[in-house]
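*Asks:* What follows is a single structure, and I will ask about it in a moment.
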Amino acid sequence: AAVARFAVNMLEQMQRQRRSIRFRRTWVLLALTWALALTDQSIAAARRADSLAVLQQGYREAVEQFSADMRALADFCDQHGYQEDAQHIRQRAVPFAEQTLNVDDLPESKLPDLPQDIPPVELEWRSKLRKYQSDYADELYRLARKALSDGHSSFAFRLIREVAFQYPDHRMARKALGYQSNEDGWATPYENTMRRRGHVWDDRFGWLPRTRLERYENGERYYNRGWISAEKEAAIRSDFRKAWVVRSEHFEIHTNHSLERGVELSVALEDFHRFFMREYAGFFNTPQQIKALLDPGAGSSRSTGKRHVIHYYRSREEFITALKPKQANIELCNGLYLPGDRKAYFYYDPENVDANMDTLFHEVTHQLFGESARAINLVGQEAHFWIIEGIACYLESFEREDGRLQAGDPRHIRMYWARRRVVDEDYLLPFDRFAALGMREFQAPGDLDTLQRYYSQASGMAHFFMHFEDGRYRDALILHLSQIYSPDRRVREKARGMDALTGVPYDELERQYRDYIAALPE
């Protein structure tokens, strides 16, 4: 109806203007072409929404059936004296979104064969348990493949995550999550490489040749093809040019603080990268790449590619001295990512370690998005700069808690201020105006208060688009990011706003946002 009204209005205006027949016909054709394009977009958006609704319904039905089977099996175990096992089975029957079990740390070993020398009743329920979990995993994986073919990548990877949780030996789910099979079980490609080289992992020193571990534990360090004391190595490596270099699957950390701190950071950053790739898989993979990844006939797991480089200084003073030639007003920074260097820079702050880690996750977010393309691309120059900072602020809340990798704590300081701006100060820049801000307008609004409000609103909007109605707009947000960071300049310059990508007008999104932000816990 809106399209029809638009076409009629265009015709009436041109008739009133008494333009030539040829002129009118040209504009009528242009108007109708645009109207048809809008109609096609609306139809495509409606089809996507319909297909997602069908997939979600299929998922709910699979969950209900699986939960019913598992509860019945738990009752069977109770009846035959396996109360502790029954409790575990009932916990597995809890919907994935409500799980309190650790769903992120997958087992390294493979499932053992069922023992045959146990009582028949135990063999019966154990066999049923494995079958229920395997069948459920296969059904979810089928739904995940359909979700990917329909363009719902975020929903698909949430399903894959649940597949691996319920049945850790599902080969294709493991592959999609970056694991390879080996004779001992499951590991990442880098872990497999280090073990083949005879290295072992130590929580303090990282990967070391097995033959060196005992001497490291005794306070010796291998340096320049010889052994020295840990104290002497620390003195040498205090010069950043001779800093420790800690390599992991996706990062290369240079630090003159300590080897141990470098290893701690590598573990935290690998957790962050795993979470990041899982939540934003749709950004980094085209549908064709994802389908190839999930295809049983497609080659080996994805390679790690080039590592992201981190420089981590032992003090703020050294950080400022090193970065002053590269960055004006470096004294105001707690960390930064320089696209031209393709490096992120940080320092150790003993008085504020938590805030220091928030900054690290913020800047590494810029790094991961920015280095998703080979070339250095200018992003958000003319519009949509809010999401570039908003998503980085959102991911400051990343944490590992009880083994879970998560982000989006509504009580994080960024969300405290986002809520306060709306609820207490009644401040909200209209979404259309906010989305129209380019980098310069966003970062230099003229006064510090406005800049702080911009960051608060960007943080709140990122949280809203990630979590509103169980992620209703999440895929649209990821598509928005993929357009803004696209290696194709034409795509970047024509990036569509969240109103177009969600099919919801900005004024309605504003209304939803106000209600959403006000309902968050204080």
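The values are calculated or read from the model by the stated rules, or taken from the named source; none is laboratory data. Nothing here was measured: the structure is a model prediction, and the numbers come from that model. Don't worry about glycine lacking a Cβ; one is built from the backbone with ideal geometry, like all the others, and counts go over all protein chains shown. Only protein heavy atoms, including side chains, enter the accessible area calculation; ligands, DNA and RNA are left aside. Shrake-Rupley method; radii C 1.70, N 1.55, O 1.52, S 1.80 Å.
*Asks:* Residues that are closer than 20 Å to residue 63 by Cα, open to solvent by 40 Å² or more (accessible area, probe 1.4 Å) and not aliphatic (A, V, I, L, M): which helices (runs of 4 or more DSSP H) entirely in region 126-221 hold 1 or more of them?
*Replies:* 153-166
*Asks:* So, residue 361, is that one within 15 Å of the chain's Cα centre (by Cα) and open to solvent by less than 20 Å² (accessible area, probe 1.4 Å) or not?
*Replies:* Judged against the criteria, residue 361 is a match.
*Asks:* While we're looking at this one, here's another question. Conditions first: (1) open to solvent by less than 70 Å² (accessible area, probe 1.4 Å); (2) farther than 16 Å from residue 246 by Cα; (3) at pLDDT 85 or above. Residue 287 passes all but one, so which condition is the exception?
*Replies:* Evaluating residue 287 over (1) open to solvent by less than 70 Å² (accessible area, probe 1.4 Å); (2) farther than 16 Å from residue 246 by Cα; (3) at pLDDT 85 or above leaves (3) as the failure.
*Asks:* Of the numbered conditions (1) part of a loop (DSSP other than H, G, I, E, B); (2) open to solvent by 20 Å² or more (accessible area, probe 1.4 Å), residue 449 fails exactly one; give the number of that condition.
*Replies:* Unmet condition: (1).
*Asks:* Right, another one. Of all residues in region 234-269 being among the β-branched types (Val, Ile, Thr) and open to solvent by 20 Å² or more (accessible area, probe 1.4 Å), which is farthest from residue 307 (Cα to Cα)?
*Replies:* 236
*Asks:* When you check residue 154 against the structure, is it among the polar types (S, T, N, Q) and more than 20 Å from residue 277 (Cα to Cα), yes or no?
*Replies:* no
*Asks:* Taking the stated definitions as given, is residue 504 surrounded by fewer than 22 Cβ atoms within 10 Å (Cβ to Cβ) and in a loop (DSSP other than H, G, I, E, B)?
*Replies:* In short, yes.
*Asks:* Being within 23 Å of residue 480 (Cβ to Cβ), within 21 Å of the chain's Cα centre (by Cα) and basic (Lys, Arg) narrows it down to one residue among 374, 411, 404; which is it?
*Replies:* None of the other options fit; the residue is 374.
*Asks:* In region 374-394, how many are among the aromatic types (Phe, Trp, Tyr) and within 18 Å of residue 444 (Cβ to Cβ)?
*Replies:* Count: 2.
*Asks:* Let me ask something else. Return the residues of region 106-121 that are out of contact with any Pro (no Cβ under 7 Å at 6 or more places or on another chain), surrounded by fewer than 13 Cβ atoms within 10 Å (Cβ to Cβ) and not in a helix (DSSP H, G or I); say none if nothing qualifies.
*Replies:* If the condition is that a residue be out of contact with any Pro (no Cβ under 7 Å at 6 or more places or on another chain), surrounded by fewer than 13 Cβ atoms within 10 Å (Cβ to Cβ) and not in a helix (DSSP H, G or I), then 109, 112, 113, 114, 115, 116, 117, 118, 119 are the ones that fit.
*Asks:* In addition: Are any residues in region 372-428 open to solvent by 60 Å² or more (accessible area, probe 1.4 Å), assigned to a helix (DSSP H, G or I) and not hydroxyl-bearing (Ser, Thr, Tyr), and if so, which ones?
*Replies:* Residues satisfying the conditions are 413, 414, 417, 420, 423.
*Asks:* Of all residues being within 26 Å of the chain's Cα centre (by Cα) and open to solvent by 90 Å² or more (accessible area, probe 1.4 Å) in region 48-94, which is modelled with the lowest pLDDT? Just the residue, please.
*Replies:* 48
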